[in-house]
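Participant: Got a structure for you, written out below as structure tokens; questions coming shortly.
Rule-based calculations on the coordinates, nothing more; no lab input. Computed from a predicted structure; not experimentally measured. Backbone-built Cβ (ideal geometry, glycine too); neighbour counts: all protein chains shown.
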Amino acid sequence: MQHKLDERKKKILHAVIRNYLETGEPVGSRTISKYTDLNLSSATIRNEMADLEELGYIIQPHTSAGRIPSDMGYRLYVDSMLEEKDREVEELKGLLVEKEDRMERLLQQVAKTLAVNTNYAAMISSPLYHGNKLKFIQLSKVDEHQVLAVIVAEGNMIRNTMLHVEEAPDQETILKLNILLNTHLNGKSLDEINLGMIANLKQQAGIHSGMVGEIIDAVAEAIRADEDLEIYTSGTNNILKYPELADKERASELITAFEEKQALNQIVQETLADESGTGIQVYIGEETPSQTMKDCSVVTATYELGEGMRGTVGIIGPKRMDYDKVVGILKNLMAQLDTLYKKT
């Protein structure tokens, strides 16, 4: 039976486990006293660690003065971590639904306003998280042949991946895999999860290396957010008012481009790839990233909603568009979005 630990003992147990996970070496009281947020003397920590040992949460290997976590210690650590993460996931889900709904309405309104104010066609892409990092992974056994991996990335993107296995690991192994994956991968971006790290994780996972490989693929998918890209458009009919774009073939091509959105996607990718920040870009005729729009001009800007959330807004019209007016309207919109975001 587990005793209820007070906050101080919990903190010390967590510090022992984190340290042991990072180093693989038994942990002494002096090491723990260096954990700045504890502000406890070595003597106090020694007493607390003696209590934790007596309660069965940590053990002393024969050859060392330091302590390592027992299975019971690991269990308490992971249970409290998962409890906290479950709470986070639930809170996030509620927030996300509300935020997504609000964001969609806002973006549709922006596209409509731009089309009305310019008398051209307008597009705006949903903001995507750039430089995304993994927040945490939670594995749980569903049945004998299935393991569920819940992956949460920064920007609060949640991905559930069901892994089909010949024989699902027991709870103890799931626990150790959770610790292994979270210790090595939390806070890492896609660039930082290199082949060496993957090979090391697979080696440590032993017979479960295949499952670890699948989880890392799912992590890469969760961090790579491109598939969440939505593009909202308005005012397609506006550009058909201009005779040079209104002949049957051109008009049909442009309408298809707005409906299928691949050409718009190319414009978004090109604009976001420009690392110079949130300046205005003007593509005239053949310069546009999409051949479908070679008879048009496209003026784009990158908007930012803080924390690396970036999207693209664009105006599409004839080559003889009123550039001065369009650039002014886009700059004004950037300022409004910036102010709006800072208020929320």
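Participant: Measure nothing fancy, just the Cα-based angle from helix 209-223's long axis to the longest principal axis of the chain, in degrees from 0 to 90, nearest 10.
Facilitator: Approximately 40 degrees, to the nearest 10.
Participant: With a cap of 15 neighbouring Cβ atoms within 10 Å, and only residues DSSP puts in a loop, list the GluC sites (Glu not before Pro) found in the range 153-185. Please list the in-between numbers first.
Facilitator: Working: sites: Glu154, Glu166, Glu167, Glu172; in loops: Glu154, Glu166, Glu167.
Passing sites in the range 153-185 are Glu166, Glu167.
Participant: Using bins 20 angstrom wide from zero, how does P(r) for the chain break down, in % of all Cα pairs?
Facilitator: The percentages, shortest bin first, are 25, 40, 25, 9, 0.
Participant: Given the Cα-Cα distance of Glu154 and Ile59 and 0.36 nm per residue of separation, how much length would full extension add, in nm?
Facilitator: Working it through step by step, the gained length comes to 30.6 nm.
Participant: So what are the range 134-224's ellipsoid semi-axes, whole angstrom, largest first, if each one is the square root of 5 times an eigenvalue of the alpha-carbon gyration tensor?
Facilitator: 20, 15, 11
Participant: Also: Quick one: length gained pulling Glu244 to Ala335 fully straight, 0.36 nm per residue minus the C-alpha distance?
Facilitator: Gain on extension, Glu244 to Ala335, equals 29.4 nm.
Participant: How much length, in nm to one decimal, is gained on full extension between Glu286 and Glu7, taken as 0.36 nm per residue of separation minus their Cα-Cα distance?
Facilitator: Length gained, Glu286 through Glu7: 93.9 nm.
Participant: Right, another one. Would you be so kind as to identify which of Asn39, Val27, Ala65 lies farthest towards the positive end of the dipole of the range 7-69, taking Lys and Arg as +1 and Asp and Glu as -1 on Cβ and the Cα centre as origin?
Facilitator: Projecting each Cα onto the dipole axis, the largest value belongs to Asn39.
Participant: Give me the tail of P(r) for the range 7-69 as a percent: Cα-Cα pairs with distance above 18 Å.
Facilitator: Numbers: 437 of 1953 pairs.
Percentage above 18 Å: 22.
Participant: Rank these for me by crowding, Ile124, Ile17, going from fewest to most other beta carbons within 10 Å.
Facilitator: Going from least to most buried by this count: Ile17, Ile124.
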